Structures are given as C-alpha cells and as structure tokens.
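Got a structure for you, questions after.
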Amino acid sequence: MATRLKHTLAACLALLAAASLAPVAQATPETHHAKMHKHMAKKAEPAKDVFDDKNNPEPDITDTVTTDYNCELGNKITIYTNEKDTDHMALRWKHRLHRMNRIATTTGAQRFENPVSGIIWIGIPSKGILLDSKLNRQLANECKSAEQSKPLAATSPEAKQG
C-alpha cells in the first residue's frame, strides 16, 4: 500500500511539473468574446497633464537668480530664486517649470514642494535631492551646484603645513 501511494504521489508531482513548464495559452483577438461589457469597451482616457491644470501654472522667472545643478545619471535641475520672495522658488525639471512652496523644517534643510504635481526638493549644504511624492520615488539624487562641486579646502593643521 505504501509503495502504491509513493508511485501515485510521484506521478502527481511529475504531472504538476510538466504542467508548470507548459506554455501559457495566450488569448488572441479572435478568441475574445464578441460582446464586451460597456465598461470594458470604453477607450482609456488620456492621463491629465498636471501642468495644464489652471491650479498649477508655470511660474514667472523674471528677476530671479539661476542656479544649475548636475545630478547623478546625467539629470539636470535649474532652480530660480528671488530674494524678495523666500517662501517660493521655481524649479526646472525635464523641460517643465514648477512653482515650489517652502515647507518649514526643524533640521535646517531647505524643503520646497509643489502639492499639485507632487514634486519635492530637499536641499542640504552638500547636495540636493528631487522626489515625486505621488509615485513615492526618487527622481534625482546627488544634485550639486558648481559651488557644491568644488573640493573642500583643507582645514586641518597638517594640511596647512604640508
């Protein structure tokens, strides 16, 4: 009886293994049912561009100071600041300008975000990072301006003597 059970289990395992290796049948247009439900037959609407939204116009960058950032993977960001308005800035990412609002932090980091597009810029003295809060992902990291890319001056006593 135990031998028969072993043979049956072995046969089942062989069939299962063979079934898992078999190609999956692909549905072709000819095999689809001709009558589709109305909700399935609707064409997908194109995604709404958040930059066409009247609530998210491109900012005016006249009379601003421009700072270019080079990021890893060849990404580039340009930030436009205005000394008269420290609560806002403009950020150019992928040929699009975003109006960014300052968000207070307790760490001293510069944090700006655009709530409509979900773009977040975090600037610290050594670099900047660009995030997408809607997709929960990093867009650009290790973003450095020309000033941040300069090598740090040696301040140790040994370096001064050397």
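The values are calculated or read from the model by the stated rules, or taken from the named source; none is laboratory data. Just so we're clear, the structure is a prediction, and the values are computed from it rather than from any experiment. A quick note on method: Cβ atoms are made from the backbone with ideal geometry, for glycine too, and the neighbour counts reach across all protein chains shown.
Can you tell me which residue in segment 46-98 is nearest to residue 128 (Cα to Cα), limited to those that are modelled with pLDDT of 95 or more and part of a loop (DSSP other than H, G, I, E, B)?
Looking at residues that are modelled with pLDDT of 95 or more and part of a loop (DSSP other than H, G, I, E, B), I get 71.
Still on this structure, please answer the following. Among the residues of segment 102-137, which ones are out of contact with any strand residue (DSSP E or B) (no Cβ under 6 Å at 6 or more places or on another chain), under 19 Å from residue 92 (Cβ atoms) and in a strand (DSSP E or B)?
Result: no residue meets the conditions.
Right, something else. Could you list, in sequence order, the residues of segment 125-162 that are of a type in the set (Val, Ile, Thr) and at pLDDT below 95?
155 - this is the single residue of segment 125-162 that is of a type in the set (Val, Ile, Thr) and at pLDDT below 95.
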